[in-house]
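A quick write-up on the structure given underneath.
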Amino acid sequence: MAMKKIDNTHYIVVKFKKQRKESVKLKYVLSQAVIFLKNEFVRADILVSDGRIVSISPNLISPKGCSVLNFENCIIIPGLLDVHVHLREPGFSYKETIETGTLAAAHGGFTSVCPMPNLKPCPDSIENLSKEIEIIKRSAKVRVYPYGTISVAEEGKVLSDMDGMSENVIAFSDDGRGVQSDSFMRNAMLKAKSLNKVIAAHCEDNTLLDGGYIHKGEYARIHNHKGISSESEYKQIERDLKLAYETGCKYHVCHISTKESVEVIRQAKKSSVDVTCETAPHYLVFNDMDLIEDGRFKMNPPIRSESDRKALIDGILDGTVDMIATDHAPHSKEEKSKGLKDSLMGVVGLETSFSAVYTHFVKTGIITLEKQIELMHINASKRFGIGFPLEIGQPADLAVFNLNEEYKVNSDEFLSKGRATPFEGMNLFGKCKMTMVNGRIIWQENLTEK
């Protein structure tokens, strides 16, 4: 982390119009931290008032009525953005709720999340979407931007009411299922193009699955498990990239896991296809030989081989991989207690994502901290139009981390209802000390906003 000096003349106060009565009326000075300002780290204090950043200055003099929060030895960064989570509500609140999922997000430093639409009812119409939005308005602790489905009931047969939902969703996805029909995906992309919306695709060719449930690799062979082939992922990505080129659609690939996926996306970017992609921390840290016979290592797509893991890292380094998302996918303890073969697919990640990436890739010198923020905030903001930088006049959506604080992952301390994480018991660096959304403290060590 390179740090630049900021001079004492950089003290600006911006006046804002009086906010609505229900708006936050809190004032804080966040002092003694190193902050991420205009893509550089500088030492300065931040004044937050009425939900916005009104001043950034070294040695800021605290106005009357301010609470001063000392964050010496910490960094302050723009709130993390996660474009791929599962909040399970409506329909599956025994796994997670919008309240518990967004509290977990704040616990991990996230200020904006985008929940996938595999819900009950799934948001395939404005009527169904409104049920999710109502819960979001009532319960969310961070900013929530829902996806709408591509198809009715995610069955890949009839287009959802994309027109009706367009203004109220971040993008369209049938996450959890791949769109099997070429012609259907072409029509979906054309519709999304007309609405200036992103298609975010879970890529999985059902004809190539063969009953698999972990990676079709060495671990599966040794332990007699049925494997999921890499082809089931990258072959559908290849198809979609051709369709995205043909239609001009904004196309985003969810949770890529294979070396072939990285390469076909790399080549598509060179051919000016409007494509971005994400991977997740567990694909970057683990390979299939790290698996144990435990449901906390089962997700879809699966953790793959060491060559796949290295290819994903190379994709991050050369810019092919744009974002790190969590694919936070909580299930009940019972659903995750049936081993690799019979547990449901999905692990939680909101509360370990930043520290896992920091520990394994920044602290080891593979990427810079600036690059991590690009992967977990900047690129998602550019693609999906969410999130706010640490700048005067912007909403105070931010996270505070102590990079030197080491902790052992203990899922019993999670705020999520989900407990299944492959990082269980690991020692990680980079603990979230506070998360603020719109000037309100949502998470602070020993304090949770109610």
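The values are calculated or read from the model by the stated rules, or taken from the named source; none is laboratory data. Just so we're clear, the structure is a prediction, and the values are computed from it rather than from any experiment. Positions of Cβ are generated from backbone atoms using ideal geometry, with glycine treated the same way; all protein chains shown enter the neighbour counts. Note: areas computed on protein heavy atoms with side chains; ligands, DNA, RNA excluded. Shrake-Rupley method; radii C 1.70, N 1.55, O 1.52, S 1.80 Å.
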Give, in nm to one decimal, the length gained when the segment between residue 38 and residue 426 is fully stretched (0.36 nm per residue of separation minus the Cα-Cα distance).
136.4 nm
Spacing of the two label points (7 Å from each Cα toward its C-beta) at residue 338 and residue 68, in nm
5.8
The stretch 338-450: proportion of alpha-carbon pairs further apart than 25 angstrom, %:
30
Summing -39500 (n - 2.57) over every DSSP H run of at least 4 in the chain, dividing by its residue total and rounding to the nearest 500, the 222 nm mean residue ellipticity is -7000 deg cm²/dmol
Once both label points are put 7 Å beyond Cα along the C-beta direction, the residue 368-residue 314 separation in nm becomes 2.4
Cα pairs beyond 20 Å in the stretch 24-178, in percent, come to 58
Can you give me the Cα centroid spacing of the stretch 53-74 and the stretch 89-160 in angstrom?
36
Summarise the accessible area of the chain (1.4 Å probe, protein heavy atoms) by the percent that is carbon and sulfur.
48
Among [x] 4, 18, 25, 25, 18, 8, 2, 0; [y] 4, 22, 32, 26, 13, 3, 0; [z] 4, 14, 21, 25, 20, 12, 3, 0, only one was calculated for this model; which label is it, if the read-out is P(r) over Cα pairs in 10 Å bins from 0, in percent?
[y]
Length gain on complete extension for the stretch residue 224 to residue 180, per 0.36 nm per residue less the alpha carbon to alpha carbon distance?
13.0 nm
So, for the chain, what is the accessible surface per residue at a probe of 1.4 Å, expressed in square angstrom?
41
